[in-house]
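Scroll down for the structure; my scribbles are underneath it.
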Amino acid sequence: MIMMHGWVGRILRVDLSSGRIEKEPLSDYLAHNYIGGRGINARIIYEEVRPGVDGFDPANLLIFGTGPLCGGPIAAGRFNVTFKSPLTNILGDSNSGGHFAPELKYAGYDHIIISGRADKPIYLWIDNEKVEIRDAQHLWGKTTDETTQMIREEIGDSRIRIACIGPSGEKLVRFACIITDLDHAAGKMGGGAVMGSKNLKAIAVRGTGTVKIAEPEAFRRIAKDLVRRTIENVKWATFSLYGTTEITDQIDRMGMLAIRNNRYTGEHWEKLEGVSAKTFKKYSTKMKACSGCVNACDMWLEFKEGPFSGERGVALEFSGIAAFGPLCDNSYAPSIFKACKLCNEYGLDHLECGHMIAAAMDWYDLGLITEKDTGGVDLRWGNYWAIIEMIHKIARREGFGDVLAEGPLRAAEKVGPGAEDCISHAKGSQFANEDSYKFNRAALLGAATSTRGGDHLRGSLNYFGERMPDKSKYKGPKIGNLGSYEDQAGPVYYIQTLNTLADALEVCKFVTARSMQEMGLTEMANLYSAATGVTIDEEELRRIADRIWSVERAFLVREGITRKDDAVYGRVTSDPVSSGPHKGLAHDQKKYDKMLDEYYDLVGWDKKTGVPTREKLESLGLKDIADELARIGKF
Amino acid sequence: MACSLKKTNGLGAIKSGIWIFMDDFDGINKPVVCKQCKNPPCEKACPLDNEKPIRMDKRTGIVFISNDKRCMNCYECVDACAFGAIRIDPEEGKPVKCDLCDGDPECVRWCHFGAISYRNQRRPGQRITNRR
């Protein structure tokens, strides 16, 4: 095996049906053309999962991927899980922080590819070279906390890292997630359900090796400089103090908080006090960080009084607050924490779960469902006991919870006509705080064109005019302007490039220029070159991002996604802003189509069909994909 | 990580002389690092005689592990440490511990928060003086 720097150079392949475990080298082709993480995962899933495979089919793959910077002291402790999503039936991938990814690399693997289905519950134990499939029948039905504790006790090492699913993953709740280290989640798209369908309860890793760095001196210099600049950045002060909870206040100040399942927006929410960052800070005793990060944005909370006395842990993120808070018209902070914590224990995606409960409350309010349907749960707006009751029901698939566990579109279909109007989604997946998308058309475009369905982490642009990171290229008064459809495609494309590279290198998006922090394309290129010894520049990085984006798009196209799917449905586009200074601001389909045309031009997709053009694919060295798309008649 | 990057030119939490005890359930992160004892039990535990591979530098007071070939990886020093500050590098089988980077600790250079700082040892009645 050739010595690799940055990457450890090995892929672990586990077939659960036959129990076969193989270790294969990571090819230079994959490493140099797709970097790692989300990039390599996308290529592997494109090659190995045929179109039309169901999310729960044993032929579906579950791919864990780390990146070449992973394990470095620059907030690069993330991994990507890629699979065919049971929620949306298209590409599903999900990203998580914590300490699992560095441990996996220290154990000597860049990627784990899991295929097939075990005939009884098992877990995977990776102890450096030794990989074994172990019985997990005693763990089945246990929460993520219990599973983590029990595996650590069984192996007798409290320092091993565990990625596991909770009871909801076993019950195939379509938005179940994979939890690592108790409170970090690869949340979206239902990775936990895929894991559950494979009867794989957990992956436990112990790694005691090292990752070689090609130019340690240069790497140290760049990383150290980046850490210093990150701390000096104005964003760091609030972020390291409040974490993502501060976003609630920010968005409310702009009047963009989505209230009561996107019914009201445009003004300050009068109950904000209850869920503001300062309120949560009162309960917080310390901040916690993922591997190698100076941002430390996880708030450790402890509640010592009230009905949720004794609850503690890290569980809270903005997406959870927005979903269980304003969206359900609930402003009792401890109840929001309890809801998020329960989601983590059950292994549920708190974003999708909160949105489902908000939609259920909306249906209840409209009279589409009654107390008889919900099994006696009084789903009034703001009733947090009902929220908690519903989470239990969803995770166990009991009563009405069984309907909600099917995900937004399937649940709406079961509830009946009119139910789907209450759900805002793109390609069947929901995203955080939809109402800002009523104002910000760039964010709307980002969510609509995202390769994993509605998403706030792929292309959503939160910049306004002068604050764009790459000012030389994207400067103009209209960028991110409220309600404007002009000049938005360029910045969206740029942010998508940044996010794709962050996912491929597996660095946290909160230290990149996307979150107004310091790591831009230049820094990424420098770090990549120093870590791997492969010299690369900004242009080449952009090409790699394009390549990953095109492969993902090709995967979607093969599944039947066309231009008409590149849209956001529901209240975001159907209802105008309800109050405040921007009252009446409404979605304009014609202007949106023009913006989409502009975007297609930039990324090189066909304007009629939304398929990546042959020229674009061939210029990125993806002739094989162009040939395949031609063979199935896509162009 | 900063430590392993300097000492081994690679990344590996296990190769680091300073390590963090983590309890996810109680949210406790506690750094574990050599206390540079004045009467080091690790040195005493080493079965070799004169110029032990693990010993205290008489001039600086730093307890360090030398590259002495005589070290037979018996891990007596690992067992002797009451703080768990000496760990075993599983790849090379050698004990690893903090040697304060000869008076310029890399971890201190990385820590921008003052959580780790490098000071002179305090004796009773002596005022703390900051070296850097």
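What to note about this one:
- Dimensions of region A:371-450 from C-alpha coordinates, computed as largest minus smallest value along each principal axis and given longest first, are 42, 24, 23 Å.
- Normalised by the number of residues in chain A, the mean separation of alpha-carbon contacts (under 8 Å, six or more apart) gives a relative contact order of 15 percent.
- Options B:ALA13, B:LEU48, B:MET1, ranked by Cα towards positive dipole end of region B:1-60, top entry (Cβ charges): B:LEU48
- Selection of trypsin sites (Lys or Arg not before Pro), region A:532-597, meeting DSSP coil and at most 14 other Cβ within 10 Å: A:LYS583
- Radius 10 Å from Cβ of A:ARG558, net charge of other residues (Lys, Arg +1; Asp, Glu -1): +1
- Those Cys residues of chain B for which no other cysteine Cβ falls under 4.7 Å: B:CYS3, B:CYS37, B:CYS46, B:CYS71, B:CYS74, B:CYS81, B:CYS101, B:CYS107, B:CYS111
- Mean separation of Cα contacts under 8 Å, 6 or more apart, over the residue count of region A:237-384: relative contact order %: 22 percent
- Relative contact order of region A:157-305, defined on C-alpha pairs under 8 angstrom at six or more residues apart (%): 15 percent
- Environment charge at A:ARG263 (Cβ cut-off 10 Å; Lys +1, Arg +1, Asp -1, Glu -1): -3
- For the pair B:LYS38 and B:GLU91, a Förster radius of 25 Å applied to the C-beta separation gives a FRET efficiency near 0.20, rounded to the nearest 0.05.
- Solvent exposure, largest accessible area first (probe 1.4 Å, DNA, RNA and ligands not counted), of A:MET254, A:MET524: A:MET254, A:MET524
- For chain B: rounded, prolate or oblate by the Cα gyration tensor [a/c cutoff 1.5]: oblate
- With a threshold of 25 Å on the Cα-Cα distance, the over-threshold entries among A:LYS235/A:LYS509; A:LYS188/A:LYS607; A:LYS171/A:LYS281 are A:LYS188/A:LYS607; A:LYS171/A:LYS281.
- Net length available on complete extension from A:ASP57 to A:GLN250 is 65.2 nm, with 0.36 nm assigned per residue and the Cα-Cα distance removed.
- Distance between the 7 Å Cα→Cβ label points at A:LYS271 and A:GLU539: 5.5 nm.
- Within chain A: Cβ-based charge dipole about Cα centre, in debye rounded to nearest 20 (Lys, Arg +1; Asp, Glu -1): 420 debye
- Neighbourhood charge, 11 Å Cβ-Cβ cut-off, centred on A:ASP225 and excluding it, Lys, Arg +1 and Asp, Glu -1: +2
- Two-site FRET efficiency, A:LYS590 against A:ARG228, from Cβ-Cβ distance with R₀ of 60 Å, rounded to 0.05: 0.80
- Shape class for region A:524-635, computed from the alpha carbon gyration tensor (a ≥ b ≥ c): oblate, with a/c not under 1.5 and a/b at or below b/c.
- Cα-based shape type of the protein assembly as shown, given that a ≥ b ≥ c are square roots of the gyration tensor eigenvalues and the cut on a/c is 1.5: prolate
- Share of carbon and sulfur in the accessible heavy-atom surface of the protein assembly as shown [1.4 Å probe, %]: 49 percent
- Virtual paramagnetic centre 7 Å along Cα→Cβ of B:ALA115, amide N under 18 Å, in region A:201-241: A:224-233, A:236-241
- For the residue pairs A:LYS271/A:LYS438; A:LYS278/B:LYS30; A:LYS438/A:LYS608; A:LYS590/A:LYS634; A:LYS288/A:LYS427, the C-alpha atoms sit more than 29 angstrom apart in A:LYS288/A:LYS427.
- Order of exposure, largest accessible area first, which applies to A:HIS111, B:HIS112, A:HIS456 with probe 1.4 Å: B:HIS112, A:HIS456, A:HIS111
The values are calculated or read from the model by the stated rules, or taken from the named source; none is laboratory data. Values in this document were obtained by computation on a predicted structure and should not be read as measured data. When we count neighbours, we look across all protein chains shown, and the Cβ atoms used for this are built from the backbone with ideal geometry, even at glycine. Surface accessibility is based on the protein's heavy atoms, side chains included, excluding ligands, DNA and RNA. Shrake-Rupley method; radii C 1.70, N 1.55, O 1.52, S 1.80 Å.
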